[in-house]
Structures are given as C-alpha cells and as structure tokens.
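Right, one structure below, let's go through it.
The values are calculated or read from the model by the stated rules, or taken from the named source; none is laboratory data. Quick caveat, the model's predicted, so the values are computed rather than measured. Cβ sites come from the backbone with ideal geometry, for glycine too, and all protein chains shown count toward neighbours. Heavy atoms of the whole protein, side chains included, go into the accessibility calculation; ligands, DNA and RNA do not. Shrake-Rupley method; radii C 1.70, N 1.55, O 1.52, S 1.80 Å.
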Amino acid sequence: MYRMKSFQGYGLHIRSPLPLPELQAVQIGPSDVVVDRGAVSFPAEIAPGTRNAYRIRGDNACFYWQDVGTFLARGGSEIVVDAMPGVEDKLLRLRLLGPVLAAILQQRGHLLLHASVVGLDGEAVAFVGPRGSGKSTLAAALWARGCSLVADDVAVFQDVLADGAPTVLPGPSWFHLWPDTAAALGRDPRALHRICSDVEKRSLPAGRRGPEEPMALRRIYSLCAGGAPAIELLPAQDALKHLIANSYAALFDSQWFHVTGVSDFRQCCALVERVPVYCLTHPCSFEHLQELADLVVAH
C-alpha cells in the first residue's frame, strides 16, 4: 500500500503515491487527478529494441519508454504508472510531469504551447519558439530581475474560447537549463542538480515567487534568430502560424496533433484575436541576454 499525498500544479489538485517535489504540496482534499501505480499494457505490440512509443485515442493516451515504463492517461482525471524496476525517480517524474500530464491537461480542454511564461507587473508574458531558441534563458533572466515564474517549457492556457482575458495556469516552479545557460545567469552548474543522471540539463528552483492562481495573459513573444534585438507586431495570419508551430502536440508528434489539431487551431485563432503576438528578433548569444531582457521590460 502506497501513501497518497496531494500536490497542486497547473490549477489541478493531484493525488499521487509518488513524491512530486516540483509541485506545491497541499492538504489532502477533493482531487482533480489521481496518480496510481498499476499494470499498464501498451495497446499494440512493441517491436524489440523500440525505445519509446505512444498511442492516443480520444481521451486515452498510452506512453511507453524503454528505460522508464508505461503510463496511461485517461479521461482527464487518471494516470496509471507502470514503472520499470529500479528506474530513477527523477526520470520517472520527468515523463510523468511532462508528456503524461500534458495529455491529461489536453483531455481537459486546455491549450498547451511549448513556451516559457513569466509574471510581469501582475500579468503573464509568454515566450514561444523552437527548441534552443532561448525561451527558458530569457525567462530565467527576467526571473532573476524579480519577475515570477509562471511556467517553463510547457504553458497551459485556459478560458481561451470564453469571454474575458485568456489566463495561464501556474506550473512547476523550476527551470530546466543547460550548464552554459546557468553559468550565463551567474549560477554554478556544478551546484545545481541534473534533471536526471543521463541528461546535462540542470534544475534551478524558482522558489515560491510564482502565482498560485491563473494569471491573465498580456502578450506573447515569438523568439526568432536574427540581428540586433528588436520587437515587431505580427499580423494575425503570421501570429497564428507561430502559435500553431509551437503547439505542444505539434512539436511532440504528428499523431498527437492529429487528435488535438482542430481544438488547438480554434484556440490559437481565438488567442490571436485577443492577445498581441510579437516577433522578438535576437542574436543567439548570451552577450545580448541582458539587453534583450531590458527590451522586453521596456516594451
């Protein structure tokens, strides 16, 4: 028998037998999502040597990672974890709080973008862009100046199709940074823990300076490699392309986007109509990081 504990993340009350230090511990109460251990059979034969596989059908999503285990996310409210013997806890949580929880959030009707979000002057500012474009780096630089961390890497938007301002749900209060990024921010990478033993990225805790309630979305910046730092408002059609290209499902795989694409497209259209989207051009260099942060704050 495993002892269940309660956590808060992305606006959800999550009960889990697994410790989830990336989330905020809360008092036990009514749960939105229940995590449990159990046997999970992948719904198709897995070829020998396959490192990972997944199958998404409606409100059922099954994930398999060779060195981690098999996970089932269903109905927007239940996660079953069938872990491999001896799997590292950090690696297990990396999958659970990444794609598996993302599937639960999409089953609940939320829009997920591959983005980092900070709180600036009481409102949320989101940064989207391809992997390696500097989303986490810029968000961490702004956090170091006193902004709050709302979400890193995965941003969850609610009320996109409702009246009023779209909001961002607060996620785990951790940054995942490459060692050179941590060093550029004045942190010693050797003093930070790896997100798991075979990945060089480091975890930088953001403390509890982040919001506990959904935060109104003020604007979105799409990071684009280029020359001197500059900001330009994107026309609606271009803005929509930038958001769709950075939807979590589209970046994960075409199979997932095939399931969620219509909903993602509708919500991205609504987001573009209600929130300005800017192209934030910048040279991919730590040398200009503080200048870029200055530009965002001034803007």
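Report in % the part of the accessible area of the range 1-136 that belongs to carbon and sulfur, leaving out ligands and nucleic acids; probe 1.4 Å.
C and S atoms contribute 48 percent here.
First measure r as the distance between the Cβ atoms of V26 and E88, then evaluate 1/(1 + (r/R0)^6) with R0 = 25 Å and state the FRET efficiency to the nearest 0.05. Before the final figure, lay out the partial values.
On the way: r = 26 Å, r/R0 = 1.02.
Taking R0 as 25 Å, the efficiency between V26 and E88 is 0.45.
At a Cα cut-off below 27 Å, give the lysines reachable from K5, other chains included and same-chain residues fewer than 8 away excluded.
Answer for K5, where 27 Å is the Cα cut-off: K90, listed by chain and number.
Taking trypsin sites (Lys or Arg not before Pro) as candidate sites, keep only those in a DSSP loop with at most 16 other Cβ atoms within 10 Å, then name the longest stretch of the chain containing none of them.
The segment 210-299 is the longest one with no such site.
Which percent of Cα pairs goes in each bin when the distances of the range 105-149 are cut into 10 angstrom slices starting at zero?
With 10 Å bins starting at 0, P(r) equals 28, 44, 25, 2.
Could you tell me whether the range 27-94 comes out rounded, prolate or oblate from its Cα gyration tensor? Rule is a ≥ b ≥ c as square roots of the eigenvalues, rounded for a/c under 1.5, then prolate if a/b exceeds b/c, otherwise oblate.
oblate
Using only DSSP helix segments of four residues or longer, with each worth -39500 (n - 2.57), what per-residue ellipticity at 222 nm results for the chain after dividing by its residue count and rounding to 500? Could you put the intermediate results ahead of the total?
Numbers: 8 runs with 76 residues, N = 299.
Rounded to the nearest 500, it is -7500 deg cm²/dmol.
Would you mind telling me the share, in percent, of accessible area of the range 137-178 contributed by carbon and sulfur at probe 1.4 angstrom?
52 percent
So what is the accessible area of the chain per residue, in Å², with the probe set to 1.4 Å?
46 Å²
³J(HN,Hα) across the range 65-76 via Karplus (A = 6.51, B = -1.76, C = 1.60, θ = phi - 60°), whole Hz, x for Gly/Pro?
Per-residue couplings from phi come out as 10, 3, 9, 10, x, 10, 10, 10, 10, 8, x, x Hz.
For the range 23-31, take each phi angle, set θ = phi - 60°, evaluate the Karplus expression 6.51 cos²θ - 1.76 cosθ + 1.60, and give the result in whole Hz per residue in order, putting x for glycine and proline.
Along the range 23-31, the couplings run 9, 7, 6, 9, 5, 5, x, x, 10 Hz.
Mind checking the dipole of the chain: about its Cα centre, +1 per Lys or Arg Cβ, -1 per Asp or Glu Cβ, Debye to the nearest 20?
In total the dipole reaches around 500 debye.
Going by a ≥ b ≥ c, the root eigenvalues of the Cα gyration tensor, does the range 75-217 fall in the rounded group (a/c under 1.5), the prolate group (a/b larger than b/c) or the oblate group?
It is oblate, given that a/c is not under 1.5 and a/b is not larger than b/c.
Given a Förster distance of 41 Å, report the FRET efficiency between N60 and A165 from their Cβ-Cβ distance, rounded to the nearest 0.05. Walk me through the numbers before you get to the answer.
Values: r = 32 Å, r/R0 = 0.79.
Efficiency for this residue pair is about 0.80.
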